[in-house]
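The values are calculated or read from the model by the stated rules, or taken from the named source; none is laboratory data. Everything quoted here is computed from the prediction, not taken from an experiment. Because the Cβ atoms are built from the backbone with ideal geometry, glycine has one as well, and the counts that use them run over all protein chains shown. Accessible surface is based on the protein model in full, side chains and every heavy atom, while ligands, DNA and RNA are left aside. Shrake-Rupley method; radii C 1.70, N 1.55, O 1.52, S 1.80 Å.
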Amino acid sequence: MTQQGLKLLLFICSVCWAITSFSDNLISAENQKEGVSVVVIDPGHGGRDLGASFGNAVEKNIVLDIALKLGTTIKENYPDVKVIYTRTTDVFIPLYKRAEIANKNEADLFISIHVNAVGARSVQGTETFVLGLHRNEDNLEVAKKENAVILLEDDYNTTYEGFDPNLPESYIMFETMQEEFQGQSVMLASSIQNEFRDYAKRLDRSVKMAGFLVLRQTTMPSVLIETGFISHNGERQYLTSEAGRTRLAYAIFRAFREYKSDIEQRSSFHLVTENNTKPVNNQNTGSAPSELPLAQSAGRAQQQKTDDVFYSVQIMALTRKLETTPDNFKGEQNIFRLEGQNLNRYFSGNFKSLEEAEQEQHRIRTKYPNAFVVAFKNNKLISVKKLSGH
Ligand SMILES: [Zn+2]
C-alpha cells in the first residue's frame, strides 16, 4: 500500500471510530428512561438493628410508619407509579440488599428514610443527604452511624470489600460515585428540605453530602432523609406522634410530586445565557480565565440545530437565579443557566466531545469540586452514560 493509501485508511478508521463512539454515547443516553414510574422506599434498619433509640422511641418503627404512609400516598395519587418497599415489616435487611432491590426493579428513584440522634440534646432539625464526600465532620458522623449497621451483617468484610465504617479513609471513594445522578438527587433533596421547612414547619438543616453505603450501590437518583432527632425532646414527641409522622410523610410526598413533574416537564426547560459584559474579577479568584477552546460559544446554545448534541459541565444547582456573569462564577466566562420550575442549574462550556467536557470537568473542579459532565440533546438535558474506557 502506498503511503497516501495508508494515510487515507487511517483517516477513514479514525472517522469511523469517532462516529461509532459518539453515536454509542447517544444511544446509551437515550436508553435512560424519562419520567418517574418506579420508586423504591427504604425504611432504615429493622429487626435486630434498632437504629437510633431513646426510651421507648425507636428509629426502625418510626421510619417504617413514615415509609408506609409515603408509599400509600404516592399510590393514591399516582396509581401508575410502582411503589416498592425494601421492607414492610420489622425485619433485618442488609444494606447491600436494599440497593439491590432498587437496582433489580430498575427504580427511577430511591428514598431512604431515617431518624437522627446525637449526644447534645439541643440539636434538632431535618437534613437530606445525597451521596458524595462529606464537607465537614458532622456529616461524616451521620454517615458513620448509618453505615455501622453493616457490622451486624455476617460477612460484611467480604460484602463491602473491606469497607470500615469507622475509618475516615474509607470515605474517599464516595467523591466520584453516583455523580451521574447527583444533579437529580440534589434536586429532590432540595424539594424535600423545602417541604419540611415550609409545610411541616421543621427546622431546616439543609441538603448535605456524605458517604452512605446504601446510596453508593444504587444506580438511580437517591436520597437519604434524616427526619429529625430522637434525642431532642420536641422532635421525639413529633416523631412518635401519628400526626407528626403523617405530616412528614406528606411533606416528602409533596417533594416527590414536584420532582416527578419537574423531571417529566424537562422538555419545557429552556437555556438562558446573558451577555457576559462585566469584567472578570481576577483578584478574588487568583486564577486566569479559561483558555480552553470551546467547540461553540455557550452564548450560541439557543441556536443549536434540532438534532444537535453537546456536552457541558454542571457546576451547581440552586433555587436562586444568578446572572451568568464572571463575577458570580469565580471569574468563569462560559457559564449558562438552565431554568427549571424550582431549580436553576449552572453549566460551564459547550463541547462537541465527551473528552473535551471531561477536561473541562477536571479543570473546573479546582473551583467547583462537585462539577460533573452532562449532555444536551435538542437543548434538553440528558444523562451521560459513560462508556468503558472513559
Ligand atoms: Zn438510620
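General observations
- Any chance Ala143 is surrounded by 15 or more Cβ atoms within 10 Å (Cβ to Cβ), within 16 Å of the ligand (Cβ to nearest atom) and hydrophobic (A, V, I, L, M, F, W, C): yes
- Residues that are within 16 Å of the ligand (Cβ to nearest atom) and basic (Lys, Arg), drawn from segment 81-102: Arg87, Lys97, Arg98
- Any chance Glu106 is more than 16 Å from the ligand (Cβ to nearest atom), at positive phi, assigned by TED's automatic domain parsing to the domain that holds Ala249 and touching a residue at least 12 places away in the same chain (Cβ under 8 Å): yes
- Single residue of segment 88-105 satisfying the filter (assigned to a loop (DSSP other than H, G, I, E, B) and within 23 Å of the chain's Cα centre (by Cα)) that is farthest from Met220 (Cα to Cα): Pro94
Yes/no per residue for (1) touching a Leu at 6+ places or on another chain (Cβ under 6 Å); (2) among the small types (Gly, Ala, Ser); (3) outside any helix (DSSP H, G or I); (4) on the phi > 0 side of the Ramachandran plot:
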residue	(1), (2), (3), (4)
Ser206	no, yes, yes, yes
Leu215	yes, no, no, no
Ile225	no, no, yes, no
Gln237	no, no, no, no
Ala243	no, yes, no, no
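- Condition check for Glu332: among the charged types (D, E, K, R), within 24 Å of Asp262 (Cβ to Cβ) and assigned to a loop (DSSP other than H, G, I, E, B): no
- Single residue of segment 34-54 satisfying the filter (assigned to a loop (DSSP other than H, G, I, E, B) and free of Cβ contacts under 8 Å to residues at least 60 places away in the same chain) that is farthest from the ligand (Cβ to nearest atom): Gly47
- Test: residue in segment 62-80 that is open to solvent by less than 20 Å² (accessible area, probe 1.4 Å), farther than 22 Å from Ala243 by Cα, among the β-branched types (Val, Ile, Thr) and more than 16 Å from the ligand (Cβ to nearest atom): no
- Annotation for segment 161-179: no member residue is within 16 Å of the ligand (Cβ to nearest atom) and either touching an Asp or Glu at 6+ places or on another chain (Cβ under 7 Å) or among the hydrophobic types (A, V, I, L, M, F, W, C) (or both).
- Filtering Leu152, Leu167, Leu215 for residues that are modelled with pLDDT under 90, touching a strand residue (DSSP E or B) at 6+ places or on another chain (Cβ under 6 Å) and open to solvent by 50 Å² or more (accessible area, probe 1.4 Å) leaves a single hit, Leu152.
- Filter result for Leu10 (at pLDDT below 95 and open to solvent by 50 Å² or more (accessible area, probe 1.4 Å)): yes
- Qualifying residue in segment 55-62 (condition: at pLDDT below 95 and at positive phi): yes
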